[in-house]
1. Let me have the 222 nm mean residue ellipticity of the chain computed from DSSP H runs of 4+ only, each contributing -39500 (n - 2.57), with the sum over all residues rounded to the nearest 500.
2. At 7 Å along the Cα-to-beta-carbon direction for both Glu211 and Leu49, put a label point, then send me their distance in nm to one decimal.
3. Can you work out the PRE-style zone for Thr127? Point 7 Å along Cα to Cβ, and I want the residues of region 204-233 with backbone N under 19 Å.
4. Of Leu141, Val161, Val206, whose Cα points farthest to the positive end of the dipole of the chain (charges on the beta-carbon: +1 Lys, Arg; -1 Asp, Glu; origin at the Cα centre)?
5. Under a crude label model (7 Å from the Cα following the beta-carbon direction), how far is Asp135 from Arg20 in nanometres?
6. Full-extension gain between Arg233 and Asp151, please, as 0.36 nm times their residue separation minus the C-alpha to C-alpha distance.
7. If you put +1 on each Lys and Arg Cβ and -1 on each Asp and Glu Cβ, how big is the dipole of region 115-247 around its Cα centre, in Debye rounded to 20?
8. How much accessible area per residue does the chain have, counting only protein heavy atoms and a probe of 1.4 Å, in square angstrom?
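The values are calculated or read from the model by the stated rules, or taken from the named source; none is laboratory data. Model, not experiment: these values are computed from the prediction. Cβ atoms come from the backbone with ideal geometry, glycine included; neighbour counts cover every protein chain shown. Side chains included, ligands, DNA and RNA excluded: accessible areas come from the protein's heavy atoms. Shrake-Rupley method; radii C 1.70, N 1.55, O 1.52, S 1.80 Å.
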Amino acid sequence: MTDEVEIPEDHPRYQSLLTRHRIEEGVEKGITSKQGLIAEGRGESFDYLLGEGTLQSADAAERAAAARLLLAEHAVLSVNGNVAALVPGETVALAEATGADIEVNLFGRTEERMRAIADHLREHGATNVKGLAADARIPGLEHERGKVDEDGIYDADVVLVPLEDGDRAEALAEMGKTEIVIDLNPLSRSPRTAAIPIIDNIIRAVPNVTEHARDLADASRDELEAIVADFDRDAALDDAERAIRDV
Ligand code: PTJ
């Protein structure tokens, strides 16, 4: 990211400016859609209300997500145009820390955007980017997000679904997949469908899940299962909503 150095890190709105800058650059590079700019605006307003920090309940969700990814037989991190612009290297690091696959899945799917995102991820160290084959379908989902790779999302038991509206999240849940959703809006359909909803900015959430995964690398299955079982999704959603309402 070329001009990131121009924003001093001690600027009170550093993270927000950095996020905006990355999204803007994503649009310029043909990675992020114009709708992605609107999604970013929505996210920013929730982040502002959440105090632009990770709630304790979100940190617990991030630890449970790390444990669930480590327990998975086949985990896939789904990447759209906003995710690719905001956390490309961080997504690759999470995939490495958990053994997950990375798959590009777009609402506004075009071959150009698919290729631009796959290239961008490879520039950030990804070795195997799925999503281009699109040789399977999520049942009941007519639009482009229903196109998935047979050996990717279609086969996965655990899918990380960041920053999107809820219909694919619902369809994946119906396929019996365990979903981890990252979304700043606790009232949005996708986190409400998720086994593990992470109400946090993706820019903070993904590195924190990676940190937890590294910390849990030597944990036993029993320990990992206990972390997942102890996580209370409804309490986490309620806590985020309360934090927003109590501003
Ligand atoms: O790249 P494509 O073609 O797949 O397009 C993706 C779009 C932008 C169409 C898709 O993500 C979308 O429609 O998103 P929505 O419905 O606007 O929902 C995005 C959700 O992500 C909203 O609930 C936002 O609050 C939330 N969000 C936005 N930015 C962030 C965020 N959550 C976490 N971190 C963020 N930085």
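1. Calculated from helices alone, the mean residue ellipticity at 222 nm is -16000 deg cm²/dmol.
2. Spacing of the two 7 Å Cα→Cβ label points: 2.6 nm.
3. In region 204-233, the label zone of Thr127 (backbone N under 19 Å from the point 7 Å along Cα→Cβ) covers 214.
4. In the chain, that residue is Leu141.
5. Here the modelled spin labels are 4.5 nm apart.
6. Contour length minus Cα-Cα distance gives 26.6 nm.
7. 440
8. Per-residue accessible area for the chain comes out at 46 Å².
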